[in-house]
Amino acid sequence: MASLSIRNVRKVYPNGNEVLKGIDLEIEDGQFLILVGGSGCGKSTLLNMIAGLESVSEGEIMIGDRVVNNIAPKERDIAMVFQSYALYPTMTVRENISFGLGIRKVPKAEQNEIVERVANILQITHLLDRKPALLSGGQRQRVAMGRAIARDPSLFLFDEPLSNLDAKLRVEMRAEIKRMHQRLGSTIVYVTHDQIEAMTLGDRIAVMKDGVVQQFGSPQEIYDQPSNLFVAGFIGSPSMNFLRGKLTTDGAVPAFELDHNGQKTLLSLPLVNGNGNADAVSKWVGRDIVLGIRPEHVTDAMSARNSSGDQVNVGGYRPTEVNCIVELTEPTGPDTLVVARFNEAPVTCRTHPRAGALPNQPLKLAFDLTKALLFDPSSEQRIA
Ligand SMILES: Nc1ncnc2c1ncn2[C@@H]1O[C@H](COP(=O)(O)OP(=O)(O)O)[C@@H](O)[C@H]1O
Ligand SMILES: [Mg+2]
């Protein structure tokens, strides 16, 4: 296994298209790196550069302690798994998995041992003598992964390997890949456009947009402290709510003012935890601002109270209760997503399934404003 360093890497395609604009990423041996972002942001280009399938226009890629910019793909000690799993149709699963080993002249007995071990990890022992045509999509993807594992590379590269699978299978295979990583301690770079895959699989996530890494950090950092509006909106489902208003004061404390045609609503802002940079916030008083709050931090007021009906105190703050009008309800089972109008602004919240939210009816919502984030509307960077 090996570490990976990507230093100031740029990619300009021969047609002049600059698709990577100075990428810096670094992971340690055994880490699981996710490259996530919308279609066309440059994820596959970066992965192909790590693999050696695309040249590096500028900067440096190191696998372990070796700069690989000018090293041929087959000398890089990597294994790649794509969305389309190119298996050899005339070979059995066993032959597909051991193919690379045969080329490297690994003795037959050792090949068999490796195939058995890999098949065991991926639970495909019973399929070893079948041809790919007789396998389901999920089973073929397992074989493609098995072939990669059998090579025992320093680095695994995955490019949207689960995109072709149906939703249920995707969840199963996601767990399978995580298990494989825990078991083998492999270093992995994994490309996906799916933010849930990113959150559930990664040790480190690089959120990309337009060839630029917007944020690089642990899943929790990226979720709790997104560096800008793009990251805040991209990661998390349903997406974070963004309310556009003005920062003002309510007595001595900062407050967020939502103004709809002169009808003003104030939310006093507790400055605690990561959001508590009072100096940064005070500079914004009197200016337009975006308040971000995740759906799980807005709930029906009853659920936010304890069993005796008292408001729960979170670190010295009580949730702020406000009256809203329900627009839409989406029961998911464990909770019901509600889109409500808060002074006309739409807010998605997670309510108790028995909170009784009904379209066009009033519902009292509780905002946990200790979790609110503030953003600069023009630069889109997070302020607090
Ligand atoms: N060979 C190429 N020549 C020119 N532009 C390319 C080439 N390959 C990809 N691109 C462009 O580079 C951008 C990034 O592509 P890609 O890395 O495939 O994105 P992603 O994998 O994030 O969807 C896209 O705008 C794509 O059209
Ligand atoms: Mg791609």
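Read-outs throughout are calculated quantities, based only on the coordinates presented, and are distinct from any laboratory measurement. Small disclaimer: the values here were computed from a predicted structure and weren't measured. Every residue, glycine as well, gets a Cβ built from its backbone with ideal geometry; the counts of neighbours run over all protein chains shown.
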Next item on the list: For LYS74, go through the lysines and keep the ones whose alpha-carbon is under 28 Å away, minus same-chain ones fewer than eight residues off.
Entry: LYS11, LYS21, LYS43, LYS105, LYS108, LYS131, LYS178
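When you count, for each residue, the other Cβ atoms within 10 Å and take the mean per peptide, how do 189-201, 27-39 rank with the highest first? Display every interim value, and only then the final one.
Values: 189-201: 21.2, 27-39: 19.5.
Going from most to least packed, we get 189-201, 27-39.
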Item checked: Proxy reagent accessibility, fewest Cβ within 10 Å first, across ASP310, ASP335 -> ASP310, ASP335
Checklist line | Long-range HN-HN contacts of ALA255 with modeled amide H, under 5 Å | finding: THR248, THR249, ASP250, LEU269
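Once you have the Cα-Cα distance between LEU328 and THR249, take 0.36 nm times their residue separation minus that, and quote the gain in nm to one decimal. Walk me through the intermediate numbers first.
Numbers: separation 79, 0.36 × 79 = 28.44 nm, distance 3.21 nm.
The span from LEU328 to THR249 would gain 25.2 nm if fully extended.
For segment 242-344, which GluC sites (Glu not before Pro) are both in a DSSP coil and crowded by at most 15 other Cβ atoms within 10 Å? Spell out each step's value before the answer.
Working: sites: GLU257, GLU296, GLU321, GLU327, GLU344; in loops: GLU344.
Within segment 242-344, the qualifying GluC sites (Glu not before Pro) (loop, at most 15 other Cβ atoms within 10 Å) are GLU344.
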Check: Calculated from DSSP H runs of 4 or more alone, at -39500 (n - 2.57) each and per residue, what is the 222 nm mean residue ellipticity of the chain, nearest 500?
Finding: -7000 deg cm²/dmol
Notebook entry, point to check: Along the three principal axes, how long is segment 243-384 when you take its alpha carbons, biggest first, rounded to the nearest angstrom?
Noted result: 42, 33, 25
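Compute and list, largest first, the equivalent-ellipsoid semi-axes of the chain from the alpha carbon gyration tensor, each √(5λ) rounded to a whole angstrom. Don't skip to the end; give the middle numbers.
Numbers: eigenvalues 449, 131, 54 Å².
Those come to 47, 26, 16 Å.
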Notebook entry, point to check: Residues with beta-carbon under 9 Å from that of ALA79, excluding ALA79: net charge, scoring Lys, Arg +1 and Asp, Glu -1?
Noted result: 0
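Within a 10 angstrom radius of the beta carbon, how do SER186, SER227, SER218 rank from fewest other beta carbons to most?
On the way: SER186 22, SER227 18, SER218 12.
By the 10 Å Cβ count, ascending, the order reads SER218, SER227, SER186.
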Notebook entry, point to check: Order of 102-109, 297-304 by packing, highest average Cβ count within 10 Å first?
Noted result: 297-304, 102-109
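Ordered by packing density, taken as the mean number of other Cβ atoms within 10 Å over each peptide's residues, highest first, how do 91-100, 9-18 rank?
Working: 91-100: 20.8, 9-18: 12.8.
The packing order, highest mean first, is 91-100, 9-18.
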Item checked: Point-charge dipole on Cβ atoms (K/R +1, D/E -1) for segment 69-223, about Cα centre, debye to 20 -> 420
Notebook entry, point to check: Which value, in debye to the nearest 20, gives the size of the charge dipole of the chain about its Cα centre, when Lys and Arg are +1 and Asp and Glu are -1 at the Cβ?
Noted result: 840
